[in-house]
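Student: Quick one: structure below, then a few questions.
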Amino acid sequence: MTHTKISMAQALNQALRDAMTADESVVMFGEDVGALGGVFRITDGLTAEFGDKRCFDTPLAEAGIVGMAVGMAMNGMRPVVEMQFDAFGYPAFEQVVSHVAKMRNRTRGRVQLPMVIRIPYGGGIGGVEHHSDSSESYFAHTPGLTVVTPATVADAYGLLRRAIEFPDPVVFMEPKKLYWAKEEVDLTESQPGIGTAVVRRDGADATLIAYGPAVPVALEAAEVAAAEGRQLTVVDLRSVVPFDDETVCAAVRRTGRAVVVAEASGFASVSSEIVARVTEKCFHSLAAPVRRVTAFDIPFPPPKLEKYQLPSVDRILDAVDDLQWEDS
Amino acid sequence: MTTVEEQLLPSAEPVCLIDQNGVPHDHPSYRLPTKEALLDGYTQLIRGRRFNDQASALVRQGRLAVYPSSFGQEACQLAATMVLRDGDWLFPTYRDSVSIMSRGVDPIETLTLLRGDWHSGYDPYEHKVAPQATPLATQLPHAVGVAHAARLKGEDTVVMALVGDGGTSEGDFHEALNFAAVFQAPVVFFIQNNEYAISVPLSRQSAAPSLAHKGIGYGVPGERADGNDLAGLLAVLGQAVDKARAGEGPQLIEAHTYRVQAHTNADDASRYRQDDEVAPWLDRDPIERLTTYLEQQGWLDDDVRVTAEAGAVEVAAQLRDGLMPEPEVDPADLFAHLYAAETQQLQQQAAFLRDELAREEA
Ligand SMILES: Cc1ncc(C[n+]2csc(CCOP(=O)(O)OP(=O)(O)O)c2C)c(N)n1
Ligand SMILES: [Mg+2]
């Protein structure tokens, strides 16, 4: 297959389409995913192509959506459900943490839940309140959940296919500000699986560890740093849970310095977990404490103020500058 | 003696006192509002419609981040507040700007959220209007709490709690109804059934005979009204408020109306519905029918028209003037009001941002 230029939204749509073609038990449902094709058009055309039994609108109730997916997964199907926005997934929290996460464990492996909860997340789209949350840390903190988040068009396709095939429930976090970013990709090319981080850029001086919406910002920062004479490695986690200690730590050991970049607030978050792990495992390789560039510990601000909340190239470069390059 | 069904089930047909042709109808349980009330309603409808039109125009000019219009639903928006007293409370959603404004909230403050300046622009205590709720139905248990507290304090407050047809599917809707019924809280749950939740039609939302039928399972009396008939809405909601105030517990009212425009400016309704579905609803417009009726009564004199038009012109000008200048947003606000006492971490983060901005300016 040749390379084609498509957006992340189109890649996700293609992944759903291909998964539904490949496996009859894959069903897609949620709010406005039918005729409308989802508010972000990720399910565009699926009802038309596969019919209302395979891709359908539900009543407006997230706990109901996720709860029904649990039951359908128990009964041999592979449900993929959409939470319309990050913060609108919260009514389903009970189902996610008490049942989705625990079913395998409670039943000693007898009941598996091969289901995917797709969640458009993060800011950068000028959304009013409740439309820009980074909710990954709630899920990552819950044992039993697999949490992945693509940062590239190819990964959007590859990771979603893997997530749907996965034997365990996957919380699939889609960085909504990247939905429209286009890349030349060959979707047939196989991508690393769930649980594997990838080095997006190599550089000897320091490592930026990022995931989801923060990855393009980290890459941009690395580009600027290179122009200023500092070579940065950029690791894209792709999979928050399981966490790829090996790839992350290898990069940190190689460079001796690290900055974690995340769009979520920093307190008690995925980014704090990364810092803890890297410090515990790579202490002797570190020339400076691991720094973080995260959002402030505040609710996601209204559109006019969101630029202050999001990680920026300047903040990343400042953090890199702070990595004790010289004794002071 | 009345049966449980008679007490709790809604009328067989939505209550309509002035039909779409402007013709009045008698009803065994509801009386036509007074001339004064209808003329006041007319003036407010004209103003509410202009508010919707102006806000939609401003969103196209980039002056608002988003606008969920209540075009065509203005009768519901206004009746909901016209039946309240000053001491009563309103719990609105993102679609209820016209309701909020009609409570006396400044029109610009009403639109602060949708403009993207701050999450809510008005002081909820000033006019007793809760912040607009976006997470669907989550405001309803709060409404019950406010009502219950008022009863415990011996106050005769009534709470008007607004929700859409889609919102009735959320668990919070059902929990709120049940709590209100168990505690006999003076809440009027008012569903604006506009047939759509974004793209999802009512038929995918509920298999109940009507949304007002949802009350009986909780012991809450349900009633339904033509949502484009201001007269019927004032009568039905007015009676519900009176009952709630008199200690008869919560009431559930469903208004049958229609979302004439797209969900918001960001939505493309042509993807899920045909124009020929919309057309008949334009004939049921709440303003036209009331105008026809008032004209036939000979009540719509020049004075009323001039006053109504002046109110509309004024609100449109308020929106244009108030939303035109780029508002000052202070980044320091990010850290304000999160806790009663600012934490060490927030102080550090605020200092970090101050320093960053100072360096940018330098
Ligand atoms: C808990 C929750 N889930 C999803 C959404 C996204 N959403 C916003 S409005 C809407 C449709 C609501 O329909 P309805 O309750 O009928 O109100 P209307 O918009 O028609 O006034 C949806 C799904 C939300 N705001 N909150
Ligand atoms: Mg609706």
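Computed from the coordinates by the stated procedures, all read-outs in this text should not be read as laboratory data. Quantities reported herein were computed from a predicted structural model and do not represent experimental measurements. Cβ atoms come from the backbone with ideal geometry, glycine included; neighbour counts cover every protein chain shown.
Student: Can you pull out the residues in region B:227-272 that are of a type outside the set (D, E, K, R), more than 15 Å from ligand 2 (Cβ to nearest atom) and farther than 22 Å from B:Ala150 by Cβ?
Tutor: B:Leu230, B:Ala231, B:Gly232, B:Leu233, B:Leu234, B:Ala235, B:Val236, B:Asn265, B:Ala266, B:Ser270
Student: Considering only residues of region B:191-208 that are buried (at least 24 other Cβ atoms within 10 Å of the Cβ) and more than 10 Å from every other protein chain (Cβ to nearest Cβ), which is nearest to B:Pro250 (Cα to Cα)?
Tutor: Taking the candidates together, the pick is B:Ile191.
Student: A further question follows. Run B:Thr134 past the list (1) within 23 Å of A:Ala63 (Cβ to Cβ); (2) more than 16 Å from ligand 2 (Cβ to nearest atom); (3) of a type in the set (Val, Ile, Thr) and report the number of the one that doesn't hold.
Tutor: The one condition B:Thr134 does not meet is (2).
Student: Determine whether region A:226-247 contains at least one residue that is among the β-branched types (Val, Ile, Thr) and surrounded by fewer than 19 Cβ atoms within 10 Å (Cβ to Cβ).
Tutor: Taking region A:226-247 first, the residues among the β-branched types (Val, Ile, Thr) are A:233-235, A:240-241, A:247.
From the residues that got through so far, the ones that are surrounded by fewer than 19 Cβ atoms within 10 Å (Cβ to Cβ) too are none.
Checked against the condition, which is being among the β-branched types (Val, Ile, Thr) and surrounded by fewer than 19 Cβ atoms within 10 Å (Cβ to Cβ), region A:226-247 yields no hits at all.
Student: Still on this structure: Only one of these is buried (at least 20 other Cβ atoms within 10 Å of the Cβ) and either among the basic types (Lys, Arg) or more than 14 Å from chain A (Cβ to nearest Cβ) (or both): B:Leu152, B:Leu211, B:Leu162, B:Leu140. Name it. Show your work before the answer.
Tutor: Details: B:Leu152 fails: buried (at least 20 other Cβ atoms within 10 Å of the Cβ); B:Leu211 fails: either among the basic types (Lys, Arg) or more than 14 Å from chain A (Cβ to nearest Cβ) (or both); B:Leu140 fails: either among the basic types (Lys, Arg) or more than 14 Å from chain A (Cβ to nearest Cβ) (or both).
Residue meeting the stated conditions: B:Leu162.
Student: Would you mind listing the strands (runs of 3 or more DSSP E) fully within region A:50-133 where at least 2 residues are more than 10 Å from chain B (Cβ to nearest Cβ)? Show your work before the answer.
Tutor: Working: elements: A:55-57, A:78-82, A:116-121.
Result: A:78-82, A:116-121.
Student: Please indicate, with yes or no, whether at least one residue in region B:170-178 is among the acidic types (Asp, Glu), more than 15 Å from ligand 1 (Cβ to nearest atom), surrounded by fewer than 22 Cβ atoms within 10 Å (Cβ to Cβ) and within 25 Å of B:Pro124 (Cα to Cα).
Tutor: Within region B:170-178, not a single residue is among the acidic types (Asp, Glu), more than 15 Å from ligand 1 (Cβ to nearest atom), surrounded by fewer than 22 Cβ atoms within 10 Å (Cβ to Cβ) and within 25 Å of B:Pro124 (Cα to Cα).
Student: Quick one: which strands (runs of 3 or more DSSP E) sit completely within region A:172-221 and have at least 3 residues that are within 17 Å of the chain's Cα centre (by Cα) and of a type in the set (A, V, I, L, M, F, W, C)? Step through it out loud before you land on a result.
Tutor: Values: elements: A:182-185, A:198-201, A:206-210.
Here the list reads A:206-210.
Student: Additional query: Does any residue of region A:268-287 turn out to be within 14 Å of chain B (Cβ to nearest Cβ) and touching a residue at least 24 places away in the same chain (Cβ under 8 Å)?
Tutor: Yes, region A:268-287 contains a residue that is within 14 Å of chain B (Cβ to nearest Cβ) and touching a residue at least 24 places away in the same chain (Cβ under 8 Å).
Student: Just to be sure I understand the filter: pairs with C-beta atoms under 7 Å, separated by 6 or more residues or on different chains, first member in region B:57-77 and within 16 Å of B:Ile191 (Cα to Cα), second member surrounded by 21 or more Cβ atoms within 10 Å (Cβ to Cβ) and β-branched (Val, Ile, Thr). Which pairs pass?
Tutor: Qualifying pairs under 7 Å: B:Ser70/B:Val98; B:Gly72/B:Thr257; B:Gln73/B:Thr257; B:Glu74/B:Val98; B:Cys76/B:Thr257; B:Gln77/B:Val98.
Student: For region B:116-137, enumerate the residues that are facing chain A (nearest Cβ under 8 Å) and more than 14 Å from the chain's Cα centre (by Cα).
Tutor: Initial filter on region B:116-137 (facing chain A (nearest Cβ under 8 Å)): B:116-119, B:134-136.
Correct list: B:Gly116, B:Asp117, B:Trp118, B:His119, B:Pro135.
Student: Here is a further query. Out of B:Arg320, B:Arg359, I need the residue that is assigned to a helix (DSSP H, G or I) and without any contact (Cβ under 8 Å) to a residue 40 or more places away in the chain. Which one?
Tutor: From the options B:Arg320, B:Arg359, the qualifying one is B:Arg359.
Student: A follow-up question, please. Of the residues B:Leu162, B:Leu136, B:Leu140, B:Leu252, which single one is within 30 Å of B:Ala269 (Cβ to Cβ), in a loop (DSSP other than H, G, I, E, B), aliphatic (A, V, I, L, M) and within 16 Å of ligand 1 (Cβ to nearest atom)?
Tutor: B:Leu136
Student: Grab the helices (runs of 4 or more DSSP H) fully contained in region B:2-87, keeping just those with 1 or more residues being surrounded by 24 or more Cβ atoms within 10 Å (Cβ to Cβ).
Tutor: Numbers: elements: B:4-8, B:35-60, B:74-82.
Passing ranges, in order: B:35-60, B:74-82.
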